[in-house]
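The values are calculated or read from the model by the stated rules, or taken from the named source; none is laboratory data. Here the structure is a predicted model, which is why all the values come from computation and not from measurement. Don't worry about glycine lacking a Cβ; one is built from the backbone with ideal geometry, like all the others, and counts go over all protein chains shown.
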Amino acid sequence: MLKTYIFNESTDSWIEEHSILLYQDLCIFLDEERNKIYIWNGPKSSKEKLEKGKESLVKLISNYPNRQLEIEILSKKIPALIKDKLDLMLETVRKEEQAEKYKFSSFLAVRIYLIALIITVLLPIISLINLYFSLTWTFTGGTYHVSSTIFETWILISFVLILISLGSLVVGLIVGICESESQVIIFSLIGILISTGLSIYLSLGEFLFQFEEGSTPTLYLIRPVDLMMFLLIVSFSSAIFVIPNFIKLMSFMGRYRSFIF
């Protein structure tokens, strides 16, 4: 029969415990049949606590000179009987740890949010790449020259990408609310606000710029300073929600990789 005792460092005593162990505990398993004591030092305990507990245990055993008890400190190789008891006593804390680590309650929620995160991060980056292609437009006489057709397509592509990203953020918000995940809710709300503003800004189309003299209905002339200001505004706005969501994506994939792949 096994008896288990936890070391109380403050009182330098051993208290019998039947059901629950914590990772910071120092515990002994007393095998009365084999006259053996196994010492288990939890992963969050310390070597100092182990030494202090072992010293206290030796003193306690010395009070029973007629009983010969062998002491063994448990390492990686744990006897099956001790391991079963140890697993049973650690079950509660492991469940709590698991619940803290995995906040999402279902595989479906994990996968939906992952897809939403990827879209949220990827599409604004593609949108920015598209917008920065404007720097390759014909540059003559101190202005960028672009046809109205190319300009409208250029704005439309980024506008659509931001709208899709906005939709993915709404999906992320819904998942966050359903799963009661505060960080997901906050990141999604920030993204929704910024991407909504960006989509409204991009929807201005040709009114985004005050075209230079010499522009026609089919050819637009844009000052470099105006174009750079536009690109900086969009870049900074996108970064506000893309960077936090990218960090979240990396941590999310690391935490839930066993459910994703």
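Among residues belonging to the range 211-257 that are among the hydroxyl-bearing types (Ser, Thr, Tyr) and buried (at least 16 other Cβ atoms within 10 Å of the Cβ), point out the one that is farthest from the chain's Cα centre (by Cα).
Going through the qualifying residues, I end up with 215.
Mind checking whether some residue in the range 110-117 is among the charged types (D, E, K, R) and either modelled with pLDDT of 95 or more or in contact with a strand residue (DSSP E or B) (Cβ under 7 Å, 6 or more places away or on another chain) (or both)?
No; the residues of the range 110-117 include none that is among the charged types (D, E, K, R) and either modelled with pLDDT of 95 or more or in contact with a strand residue (DSSP E or B) (Cβ under 7 Å, 6 or more places away or on another chain) (or both).
So which of 133, 159, 104, 207 ends up being of a type outside the set (S, T, N, Q), in a helix (DSSP H, G or I) and surrounded by 18 or more Cβ atoms within 10 Å (Cβ to Cβ)?
The unique qualifying residue is 159.
Is it true that residue 11 is among the β-branched types (Val, Ile, Thr) and part of a loop (DSSP other than H, G, I, E, B)?
It is true that residue 11 is among the β-branched types (Val, Ile, Thr) and part of a loop (DSSP other than H, G, I, E, B).
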